1. Quick one: count up the residues across segment B:97-154 that are more than 14 Å from chain A (Cβ to nearest Cβ) and not in a strand (DSSP E or B).
2. Considering A:187, A:143, A:222, which residue is outside the structural domain of residue A:102 (by TED's automatic domain parsing), in contact (Cβ under 8 Å) with a residue 24 or more places away in the chain and surrounded by 15 or more Cβ atoms within 10 Å (Cβ to Cβ)?
3. Output the number of residues of segment B:45-57 satisfying the condition of being out of contact with any strand residue (DSSP E or B) (no Cβ under 8 Å at 6 or more places or on another chain) and under 16 Å from residue B:270 (Cβ atoms).
4. Name the residue, out of B:164, B:194, B:160, that is without any contact (Cβ under 8 Å) to a residue 40 or more places away in the chain and either crowded, with 24+ Cβ neighbours inside 10 Å or more than 12 Å from chain A (Cβ to nearest Cβ) (or both).
5. Hey, could you check segment A:233-256 for residues that are part of a helix (DSSP H, G or I) and more than 7 Å from every other protein chain (Cβ to nearest Cβ) and say which is farthest from residue B:154 (Cα to Cα)?
6. Being closer than 20 Å to residue B:101 by Cβ and in contact with a strand residue (DSSP E or B) (Cβ under 9 Å, 6 or more places away or on another chain) is the filter here; which residues of segment B:239-289 pass it?
7. Output the strands (runs of 3 or more DSSP E) that fall wholly within segment B:198-273 and possess 1 or more residues being under 30 Å from residue B:57 (Cβ atoms), at the interface with chain A (Cβ under 9 Å from one of its Cβ atoms) and free of Cβ contacts under 8 Å to residues at least 60 places away in the same chain, or say none.
8. Among the residues of segment A:162-214, how many are closer than 30 Å to residue A:2 by Cβ, in contact with a strand residue (DSSP E or B) (Cβ under 8 Å, 6 or more places away or on another chain) and outside any helix (DSSP H, G or I)?
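The values are calculated or read from the model by the stated rules, or taken from the named source; none is laboratory data. Keep in mind that what you see is a predicted model, and the values were worked out from it rather than measured. We place every Cβ from the backbone using ideal geometry, glycine too, and count neighbours over all the protein chains shown.
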């Protein structure tokens, strides 16, 4: 007889009975504490269930409530009984009614026998604790907590606030150093009896009665006074989520639990039949002396925590709809926006697609329809090309597109002729790479065959739209990566400028120089065209300075050969 | 939120409850087995009309997932639905010939029955063509979910309605009784949903999917709502405000996280687009008993005349809940 179990039970008593029987039949005494709020019938049912086992005892009952002294009182009463009734017990293991042994009792016995003087209890100073959820670390010991957190939340909060304001502080008795840790421990008889028989126990108990969640600090603090050898970890695998409640294990955790090599796990869903069946049947696996390794389970749960608190960037759904600026990333991946390039270059999109090795969209925000790559009617994720659907919610249209095509960089064209509402979103998104050649919209007008009055009006409108967009891009709040050239600037060194954009995109052929050049639209006479606009009273200043007769822009051999950039 | 507004919502909730009480007088009892309901049972509430062929699979689906008792309101079925349900040991059935439309599309009847029998229980409120998929639904029953929700102090669980459809014209593969409808309608739209926030009721308003794509390309604002809250720890003072899209008190509608994280949520797989649909649409158009002057059904009738194909090359084929999770249509939240 080397280890005895103290069990604190309040629900699913039939499961507690199963586990108690498992331990007791394998020669481990069990002392059970049942919450006083459990009905008489249920209690006597449990008692009669286990009445055939001489080494199962029931101790005096306390009314238990989470976060209060009652849980410590229960463990004290049960532990005292354990120490008194079973003199052969060397280690006392505190467990709950929803704990389940994962390894054969023999392995636990051997493990403890090999470490006869070791106390397994997580015990960390308050400064080093990060896992408390409520934000109360040191204050747990410095303030008084007479009100129930569950039933009288307002009183609880109000009283804490009041004490903080007044500057009230309690001092620890006898210069104890406050420690915190998991409430599930396994202590040696020596240490446990020293704590329970301490001459100043009354004073300690009085102090801890007003500490917040004393079951995470009472033994954890006092053990420092007596123990000769503390292993600051719990033998019970017990994980807590961000609200401070324990994670629950289900049937599908079977393999994870088995591979964890932990001795006891908590908490098990009471209907997880397969877990109870598997772990309460003697497993024939020879003697394994492995150390507990809960790392894999840790990872599963910390991933779940991150899912809950940070979520997946750029994904919007019915259980994740962040307030503005709380998105942790408005879109899920980087993408590129080109404004003015397909006005300036012929067949720019196919060229860019070849160059980048990805699909390149046309003007996604074209007022007539969405110009998906290949002029598709439906695109990834079944996005419709109907303009009305897109304009109903353009931001989600874009975030959906980026989300649906994860793994493939999205590239699309934008223009002052397009629906402009998305502009502000693009500017505020750190994933957007926006390159603008201002005034390029004038090139199609220059080549169009409209009468000049219409051209003049259109030009005025487009220039206004573009200025609005550029102003948005130039705000301090802008998070997108923005590059803006005026048309005149850009055509001075078109290839160098394009190269710099492509370098920023990276991608499969990054680092390579542009070999195949896109064809620039013939700009001869463009300066005169701009001058004509000016003469009509419309100043297309966003194009930059184009001399009326540009020597560089003139066709070199007099013919109508288009300008080819090299 | 202003006090006046809060008070208005309170009044509205009371109005729903009074309406429910008034409309409950239309209900005629067919089979009452509610005495079998035990304290922690998960219950299922359904209004239906002429859905006999769907019922065997529907009942099996939810029984397998741990629903203990079903409460049905039959709206004057003529195909044996009522008789079939009355013969099931775990179903309580009421019937009514009254107007579906004037009971707010069945919600008044359900609010009344929920108030009577749902109080203190986790209740699944669905249509017979809606199948709840939630995280770990292949290994854990609904009571595992509700126990976890309860321990997390969560009272309602959101699920998006996901329209499922077959490949090819919907009449090509006829549905037979007892069959899993998703053997036929196993395709869905994975990423074309539009989300807005409804500040009055605090819920999200989601539209999109194949119905918006095909039937409402020019007026998407009329596309049907897809946000649903089908699983609620019921209290007798709660009321569904508009179908199962939103509830009062409005706090129950906050099934989404506002600070960047993800709450746990599911998907309601919608087996509407089977061969049964064309006849149903025709009938509903005649009865004029559906939402917003049945304009949804009018749009279907216009779009479905040539027996349409909802499938496109970007449609996704259903595999399991993990696939839906990866696609971002549902989330495990912090349930692990």
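1. Final tally of qualifying residues: 29.
2. Step by step, each of A:187, A:143, A:222 is checked, and only A:143 is outside the structural domain of residue A:102 (by TED's automatic domain parsing), in contact (Cβ under 8 Å) with a residue 24 or more places away in the chain and surrounded by 15 or more Cβ atoms within 10 Å (Cβ to Cβ).
3. Residues meeting the conditions: 3.
4. Of B:164, B:194, B:160, the one residue that is without any contact (Cβ under 8 Å) to a residue 40 or more places away in the chain and either crowded, with 24+ Cβ neighbours inside 10 Å or more than 12 Å from chain A (Cβ to nearest Cβ) (or both) is B:194.
5. This residue is A:255.
6. B:239, B:240, B:241, B:243, B:244, B:245, B:246, B:272
7. B:203-208
8. Residues meeting the conditions: 10.
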